1. Would you point out which residue out of Val44, Val74, Val48 is under 17 Å from Pro159 (Cα atoms), in a helix (DSSP H, G or I) and hydrophobic (A, V, I, L, M, F, W, C)?
2. For segment 289-301, enumerate the residues that are buried (at least 20 other Cβ atoms within 10 Å of the Cβ) and in contact with a Gly (Cβ under 9 Å, 6 or more places away or on another chain).
3. Among the residues of segment 235-254, what is the count of those that are within 30 Å of Gln294 (Cβ to Cβ) and either of a type in the set (Val, Ile, Thr) or surrounded by fewer than 21 Cβ atoms within 10 Å (Cβ to Cβ) (or both)?
4. Would you point out the residue of segment 13-26, among those that are in a strand (DSSP E or B) and without any contact (Cβ under 8 Å) to a residue 40 or more places away in the chain, that is nearest to Met186 (Cα to Cα)?
5. For segment 142-161, which positions are outside any loop (DSSP other than H, G, I, E, B), over 20 Å from Ala211 (Cβ atoms) and under 15 Å from the mean Cα position of the chain (by Cα)?
6. Of all the helices (runs of 4 or more DSSP H) wholly in segment 373-475, which have at least 2 residues that are without any contact (Cβ under 8 Å) to a residue 24 or more places away in the chain and over 18 Å from the mean Cα position of the chain (by Cα)?
7. Scan segment 313-341 for residues that are loosely packed, with under 14 Cβ neighbours inside 10 Å and either within 20 Å of Arg270 (Cα to Cα) or in contact with a helix residue (DSSP H, G or I) (Cβ under 8 Å, 6 or more places away or on another chain) (or both) and jot them down.
8. With (1) under 30 Å from Ile115 (Cβ atoms); (2) buried (at least 19 other Cβ atoms within 10 Å of the Cβ) as the list, and Leu38 as the residue in question, which single condition is left unmet?
Amino acid sequence: MIHAYRFYIDGEWVEPCVPKTLEVIDPSTEQPAGTIALGSAADVERAVTAARRAFAFFSRTSKAERIDLLKRIVAILKRRNDELGDIISREMGAPLAMARAEQAGIGATHFEQTIKALETFAFDYMQGSTRILREPIGTIGMITPWNWPINQIACKVAPALATGCTMVLKPSEIAPFNAVIFAEIMDEAGVPKGVFNLVQGDGLTVGVELAGHPDVDMVSFTGSTRAGIAVAQAAAPTVKRVHQELGGKSPNIILRSADFSAAVTAGVRRCFGNSGQTCTAPTRMLVPVERMEQASSIAASEAAVLVVGPPSDPRTDLGPVASSAQFDKIQTLIERGIAEGAELIAGGLGRPPHLDAGYYVRPTVFARVTNQMTIAREEIFGPVLSIIGYQSEDEAIAIANDTPYGLAAYIQGDPEEARALAGRLRAGSVRLNSAAWDSAAPFGGYKQSGNGREYGKFGLHEFTEVKGIVGFLND
């Protein structure tokens, strides 16, 4: 059992102002993995006050000082990588090897990319006779999710530190223990007192308090669109900047020119990775109508070979989903897909038959889905794929864009054709032909998928204000 009863505020591990705890459940067993303290408004006030005080000096540090700090953090993240991965695997269910290599490993990658971007980032330059300054925006309230916890912590904390901001982090209460290790890393790296603060808690208390606090200059939120609306409403009275990375329902257009077997197989794997709990997952596979049978056969076969099981088993491809609430939501939406007439060709309701406990979901594929069905409209956040037919490329683009979301999109096929179509998709990122992830590419969405961008130099821009000193060179 893991117990985390203290918060990291002003460079110290402190007791919460109000004693209240929450049990954290291991999704693979449905048994307690540990306990955390839940924060209150008073804890948020204490953390924001510390961050506000620290901003006065940290905002004046040099670029070289901040680069040195980020490099120290990278070294410790790498040293403690497997420990982070083990904790993440236990608290949110990712297979152990994946949790170490990807879930934990991505943290150091973001910090390294931030260092690279910071080395050439212009905080001060001339535009004619006007001096342009990019200055740290101030104190940041950070609210991060459970599905890729270290990824989202790192891609907020790294640019905040790089630009001279201070911060208060509220991680998800579903997967909170990795954030404790992260706070220990910040402390060991010598992050100055008050610059980084950690308060555990739920969204309705700590999250809302952070978003609405008058001394928080910006709130950076990653989570569902529903929760993002609540954060924006809480932030509105103080007119602070609200940076959001929200839901997705990403299309994956497989063109007639694609290597069909390879493209469908890769699409299934990418959709089901992390048990489908990825906001950019390509959950709507668009295929030519005349190849629906072929696509269905390939997708069903691929789903059938994926191993669902305990995260600690090296044979496991998909672990459990993160919580009972998530499991129940996925089951409801699978049931809705069946009721609305989609053709169930793999998986379905309930756990895999060999598992009698844990929040395990059967890898599920629906064929002959229409874009008006619930399973094609709502973000399921589980291993559920919808295959939709199209007649022409123009219709494929129309279907792809017919969604309230716009986080990511995918195209498989002839490179020239794919490049020509990519600009017509209303999404913050488009990935062509299973291209590798790029930690320097902008990440964020159109429409109800949020606003603002993360990663690399784009993250640095988000955490700065722009000042123009007009007439700077005039006599």
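The values are calculated or read from the model by the stated rules, or taken from the named source; none is laboratory data. Computed from a predicted model, the values in this text were never measured in an experiment. In this analysis, Cβ positions are derived from the backbone assuming ideal geometry, glycine residues included, and neighbour counts consider all displayed protein chains.
1. Working: Val44 fails: under 17 Å from Pro159 (Cα atoms); Val48 fails: under 17 Å from Pro159 (Cα atoms).
Answer to the selection: Val74.
2. Of the residues in segment 289-301, the ones buried (at least 20 other Cβ atoms within 10 Å of the Cβ) are 295-296, 298-299.
Result: Ala295, Ala299.
3. Looking only at segment 235-254, we keep the residues that are within 30 Å of Gln294 (Cβ to Cβ), and these are 248-254.
With either of a type in the set (Val, Ile, Thr) or surrounded by fewer than 21 Cβ atoms within 10 Å (Cβ to Cβ) (or both) added as a condition, the list becomes 253-254.
Selection size over segment 235-254: 2.
4. Going through segment 13-26, the residues in a strand (DSSP E or B) turn out to be 13-14, 21-26.
Okay, now just the ones that are also without any contact (Cβ under 8 Å) to a residue 40 or more places away in the chain, so 13-14, 21, 23.
Values: Trp13: 12, Val14: 16, Thr21: 24, Glu23: 25 Å.
Per the criteria, the residue is Trp13.
5. The initial filter retains those residues of segment 142-161 that are outside any loop (DSSP other than H, G, I, E, B), namely 142-143, 149-161.
Right, trim to over 20 Å from Ala211 (Cβ atoms) and you get 150-151, 154, 158, 161.
Within segment 142-161, Ile150, Asn151, Ala154, Ala158 qualify.
6. Numbers: elements: 374-377, 393-401, 415-422, 456-462.
Answer list for segment 373-475: 393-401, 415-422.
7. Pro314, Arg315
8. In the conditions (1) under 30 Å from Ile115 (Cβ atoms); (2) buried (at least 19 other Cβ atoms within 10 Å of the Cβ), Leu38 misses (1) alone.
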